[in-house]
Amino acid sequence: MRKPFNHRSDTLKQKKEQLISAFSSMQPAAFMQQHAGILDNYFRESFEHSMVGPELALYKNPYAIIALGGNGREEQCVNSDVDILFLFKKEVPKAAADLIQEIIYPLWDLGLDVGYATRTLKECLNMSRKDSIVLTPILDARIICGMSILFSDLLDTPRKKRLTKQSKKVINWLVYQSRARHLHFGVSFYMLEPNLKYGQGGLRDYHSIVW
């Protein structure tokens with residue numbers, strides 16, 4: 001018997017509140033990892049008990065739910081965006097819109113800032129070849145549930161074709177983006193509306209080094 005869908009979002013809210021209450025006794029890295037894990041459980045249960053899932057014919061057109069950004073790195077802060085990719089192997093079916101409504105809308109109702117993309121494998125690979133803004137989230141990607149082979153295909157092609165053959169181009173782009181950020185944000189805590197992540201020595205500089 002499938003669980004009522006609101007039960008899963010209620011469980012997510014309860015577990016998140018419990019985790020926040022325990023924050024003072026935890027290491028920050030452990031907190032962020034557990035926070036990502038709570039979200040993972042929500043997506044996995046939603047995938048397993050989906051009312052729309054059977055319409056998508058997973059065996060004909062495999063798909064996966066993939067974490068990106070901080071969620072992909074298992075560095076999910078309390079109020080950070082939750083970035084998700086719904087990845088399909090062949091084409092994005094019409095029923096995908098219903099799947100989004102079923103899984104993402106309850107998170108919006110909880111007040112979470114969830115951003116999502118729905119793409120085919122071919123679209124992702126083509127975009128990652130042309131645009132490094134698309135490539136870097138793929139470097140942080142982590143499968144939550146669905147067809148794992150599809151996720152492997154997503155990672156292998158950019159690594160072999162883009163990062164191996166065009167590594168200098170990618171690195172130059174990262175350096176350029178970092179310099180542009182520094183010029184814009186500078187030492188951002190002196191600005192009227194600081195964004196510490198993007199300032200000099202901020203979190204985005206660390207991410208750029210990792211990439």
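To keep it simple, each residue is scored yes or no on (1) surrounded by 14 or more Cβ atoms within 10 Å (Cβ to Cβ); (2) in contact with a Phe, Trp or Tyr (Cβ under 9 Å, 6 or more places away or on another chain).
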residue	(1), (2)
17	no, no
21	no, no
27	no, no
33	yes, no
39	yes, no
45	yes, no
48	no, no
53	yes, yes
57	no, no
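If you take the residues of the range 121-144 that are buried (at least 18 other Cβ atoms within 10 Å of the Cβ) and modelled with pLDDT of 90 or more, which of them is nearest to the chain's Cα centre (by Cα)?
The qualifying residue nearest to the chain's Cα centre (by Cα) is 141.
How many residues, within the range 84-98, are under 17 Å from the mean Cα position of the chain (by Cα) and either closer than 29 Å to residue 17 by Cα or open to solvent by 10 Å² or more (accessible area, probe 1.4 Å) (or both)?
Counting residues in the range 84-98 that are under 17 Å from the mean Cα position of the chain (by Cα) and either closer than 29 Å to residue 17 by Cα or open to solvent by 10 Å² or more (accessible area, probe 1.4 Å) (or both) gives 3.
Hey, could you check the range 62-83 for residues that are of a type in the set (S, T, N, Q) and open to solvent by less than 20 Å² (accessible area, probe 1.4 Å) and say which is farthest from residue 115 (Cα to Cα)?
Checking each candidate, the answer is 76.
The values are calculated or read from the model by the stated rules, or taken from the named source; none is laboratory data. None of these values were measured; they are calculated from a predicted model. Every residue, glycine as well, gets a Cβ built from its backbone with ideal geometry; the counts of neighbours run over all protein chains shown. Calculation scope for accessible area: heavy atoms of the full protein, side chains included, ligands and nucleic acids excluded. Shrake-Rupley method; radii C 1.70, N 1.55, O 1.52, S 1.80 Å.
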